[in-house]
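Quick notes on the structure that follows.
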Amino acid sequence: MERFKKKYIGDRAFYRMLMAIAVPIMVQNAITNFVSLLDNIMVGRVGTEQMSGVAIVNQIMFIYFLCLFGGHSGAGIFTAQYYGYKDNKGIQYTFRYKLWIGLLITVAAILIMHFFGTDLIGMYLNESSGGGDLQATLQYGLGYMRIIFLSMPLVFVSLTYSSTLRECGETVVPMRAALVAVLVNLVFNYLLIYGKLGFPKLGVYGAAVATDLSRLVECVIIVSWLHMHSGKHPFIRGIYRSVLIPMRVVKQFFVTGAPLLVNETLWACGIFLLNQSYSMRGLNAVAGQNISSTINNVYNIAFIAMGDAVAIIVGQLLGAGKMKEAKDTDNKIIAASVMIGFLLMILLIVTAPVLPRAYNTNDEVKHLAMLFLIVQGLATPKDAFLHATYFTLRSGGKTIITFLFDSVFMCLVSVPVAFILSRYTGMHVIAIFAVVHAMDLIKCVIGYVLVKKNVWMKNIVDDPS
């Protein structure tokens with residue numbers, strides 16, 4: 001027992017250090033996801049078709065967000081290790097690389113959504129879908145998408161600044177920017193969705209305008225703060241005197257980051273296809289899954305922040321060459337993440353029958369949302385372990401392994417299982433959802449073995465050249 005405590009349980013100083021990194025991220029994610037929940041409820045009170053149209057577009061936007069995350073993640077590994085190595089020039093290179101990759105992904109995403117938006121939304125709408133007007137859902141979704149386009153350039157700029165700050169250990173500023181942004185989002189959602197205080201009543205389109213305004217506010221806050229605090233973060237000085245990056249550095253970032261970009265893209269597409277399979281059981285299933293997913297995101301902020309803490313703390317220790325300390329720290333963060341997962345499991349199951357009642361939708365949707373939440377609650381400890389394991393493997397630059405571990409498993413196992421069960425059996429959508437989650441237990445075994453073998457313990461920035 002004493003050996004177990006020494007390996008997996010930290011002292012007070014350890015948890016103070018961990019919370020100093022993780023809590024601001026938790027708060028930022030909590031605010032963002034809670035307001036997304038309120039946003040979802042506000043749109044849901046307008047009608048099931050409106051909520052479903054917005055939910056489908058948000059699934060498509062989710063792919064864009066994860067592509068950005070994947071494109072930035074490869075450079076982000078280097079940023080954390082450069083920071084531990086005290087190399088400001090290296091951080092400048094990662095920052096510029098993020099800007100370029102973000103611009104390319106954003107342009108590509110806007111073009112794809114503009115020309116193929118109808119087809120993408122239509123994948124969720126089929127003749128067997130019950131519980132709503134499919135054509136109305138399509139039109140609400142398309143209108144919402146066209147307005148959301150305006151926020152996408154702001155998203156990639158904000159992400160470039162905020163992710164770099166986090167990788168340098170500065171987590172409070174992105175949290176504050178997110179706090180202001182979500183308050184703007186919440187206020188203008190209320191004013192524009194329902195037409196209050198003399199504002200026009202725009203319904204779901206008002207929600208899109210509010211999102212654009214909140215993205216603008218967040219971008220302005222983060223960008224202006226960093227440039228005003230160049231003394232604390234000297235890498236930002238002269239960052240735009242040149243946007244060029246040495247080709248050898250680009251190659252290094254790309255070789256490490258390309259698997260992450262492909263991984264996040266395929267994983268996001270996998271989630272899109274999983275939800276599309278669930279939609280084969282009707283538009284009510286789309287609405288129920290959207291409600292449960294939005295609520296579940298609020299609960300998952302704690303273990304999501306633990307993954308970010310692994311990337312920041314363990315990445316910096318690896319960059320400083322402190323391998324033994326990195327392994328010890330990683331064990332304790334993973335253990336903390338799993339313990340949090342069990343607490344969230346209990347909380348989510350207890351509240352599952354209550355929370356969907358806030359939505360103005362039919363009883364079947366509310367019942368499905370409750371059942372989705374119970375399954376997600378049971379899966380939370382598993383998800384917490386997998387999230388921390390993924391970021392452990394990523395912190396040492398083992399991006400090929402994370403690619404195989406994450407998205408390849410999704411595409412070869414999870415998606416085919418959902419596809420077959422949704423189309424060739426009469427299985428209930430909740431049962432399909434549960435089976436897909438159960439398949440992840442295979443990943444848990446693989447992740448445990450990979451972490452235990454220390455394949456991730458590598459310093460990738462210790463060569464001054």
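Give just the number: which of (1) free of Cβ contacts under 8 Å to residues at least 60 places away in the same chain; (2) within 26 Å of A335 (Cα to Cα) does G426 not satisfy?
Going through (1) free of Cβ contacts under 8 Å to residues at least 60 places away in the same chain; (2) within 26 Å of A335 (Cα to Cα) one by one, G426 breaks only (2).
Given V107, V172, which one is open to solvent by 40 Å² or more (accessible area, probe 1.4 Å) and under 19 Å from the mean Cα position of the chain (by Cα)?
Working: V107 fails: under 19 Å from the mean Cα position of the chain (by Cα).
V172 is the lone residue from the list that is open to solvent by 40 Å² or more (accessible area, probe 1.4 Å) and under 19 Å from the mean Cα position of the chain (by Cα).
What number goes with the only condition from (1) open to solvent by less than 70 Å² (accessible area, probe 1.4 Å); (2) over 22 Å from T94 (Cβ atoms) that I236 does not pass?
Just one mismatch for I236, condition (2).
Could you list, in sequence order, the residues of segment 319-328 that are in contact (Cβ under 8 Å) with a residue 60 or more places away in the chain and either under 12 Å from P381 (Cβ atoms) or not in a helix (DSSP H, G or I) (or both)?
Residues satisfying the conditions are A320, G321.
Of the residues that make up segment 15-32, is at least one in a helix (DSSP H, G or I), more than 30 Å from K332 (Cβ to Cβ) and touching a Gly at 6+ places or on another chain (Cβ under 8 Å)? Before the answer, list the steps.
Step one: filter segment 15-32 for residues in a helix (DSSP H, G or I), giving 15-32.
Those left that are additionally more than 30 Å from K332 (Cβ to Cβ): none.
Looking through segment 15-32, none of the residues is in a helix (DSSP H, G or I), more than 30 Å from K332 (Cβ to Cβ) and touching a Gly at 6+ places or on another chain (Cβ under 8 Å).
Within segment 191-198, is even one residue closer than 22 Å to F156 by Cα and buried (at least 18 other Cβ atoms within 10 Å of the Cβ)?
Taking segment 191-198 first, the residues closer than 22 Å to F156 by Cα are none.
Taking every residue of segment 191-198 in turn, none turns out to be closer than 22 Å to F156 by Cα and buried (at least 18 other Cβ atoms within 10 Å of the Cβ).
Only one residue in I401, I420 is within 17 Å of G74 (Cα to Cα), open to solvent by 40 Å² or more (accessible area, probe 1.4 Å), assigned to a helix (DSSP H, G or I) and not charged (D, E, K, R), so which one is that?
Details: I420 fails: within 17 Å of G74 (Cα to Cα).
Of the residues listed, the single one that is within 17 Å of G74 (Cα to Cα), open to solvent by 40 Å² or more (accessible area, probe 1.4 Å), assigned to a helix (DSSP H, G or I) and not charged (D, E, K, R) is I401.
When only residues in segment 329-382 that are open to solvent by less than 40 Å² (accessible area, probe 1.4 Å) and outside any helix (DSSP H, G or I) count, which is modelled with the lowest pLDDT?
T361
State whether the residues of segment 152-159 include one that is over 30 Å from A20 (Cβ atoms) and without any contact (Cβ under 8 Å) to a residue 24 or more places away in the chain. Give the steps one after another, and end with the answer.
Residues of segment 152-159 over 30 Å from A20 (Cβ atoms): 152-153.
Subset that is without any contact (Cβ under 8 Å) to a residue 24 or more places away in the chain: none.
Checked segment 152-159: no residue is over 30 Å from A20 (Cβ atoms) and without any contact (Cβ under 8 Å) to a residue 24 or more places away in the chain.
This table checks each residue for (1) within 21 Å of M152 (Cβ to Cβ); (2) open to solvent by less than 20 Å² (accessible area, probe 1.4 Å); (3) outside any helix (DSSP H, G or I); (4) in contact (Cβ under 8 Å) with a residue 24 or more places away in the chain.
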| position | (1), (2), (3), (4) |
| --- | --- |
| S230 | no, no, yes, no |
| I245 | no, no, yes, yes |
| V250 | no, no, no, yes |
| W267 | yes, no, no, yes |
| M280 | no, no, no, yes |
| V286 | no, yes, no, yes |
| S293 | no, no, no, yes |
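Has segment 206-221 got at least one residue that is assigned to a loop (DSSP other than H, G, I, E, B) and not charged (D, E, K, R)? Show your work before the answer.
Here is the first cut: in segment 206-221, the ones assigned to a loop (DSSP other than H, G, I, E, B) are none.
Within segment 206-221 (the criterion being assigned to a loop (DSSP other than H, G, I, E, B) and not charged (D, E, K, R)), the answer is no, since none of the residues qualifies.
Please go through segment 362-387 and give me each residue that is of a type in the set (S, T, N, Q) and over 19 Å from I346 (Cα atoms), ordered by number. Talk me through it step by step, then tell me what you get.
Kept after step one, since they are of a type in the set (S, T, N, Q), are these residues of segment 362-387: 362, 376, 380.
Correct list: N362 only.
Out of the residues in segment 51-65 that are modelled with pLDDT under 80 and touching a Ser or Thr at 6+ places or on another chain (Cβ under 8 Å), which is surrounded by the most Cβ atoms within 10 Å (Cβ to Cβ)?
S52
The values are calculated or read from the model by the stated rules, or taken from the named source; none is laboratory data. Just so we're clear, the structure is a prediction, and the values are computed from it rather than from any experiment. Note: ideal-geometry Cβ built from the backbone for every residue, glycine included; neighbour counts use all protein chains shown. Keep in mind that these areas ignore ligands, DNA and RNA; they rest on the heavy atoms of the full protein, side chains included. Shrake-Rupley method; radii C 1.70, N 1.55, O 1.52, S 1.80 Å.
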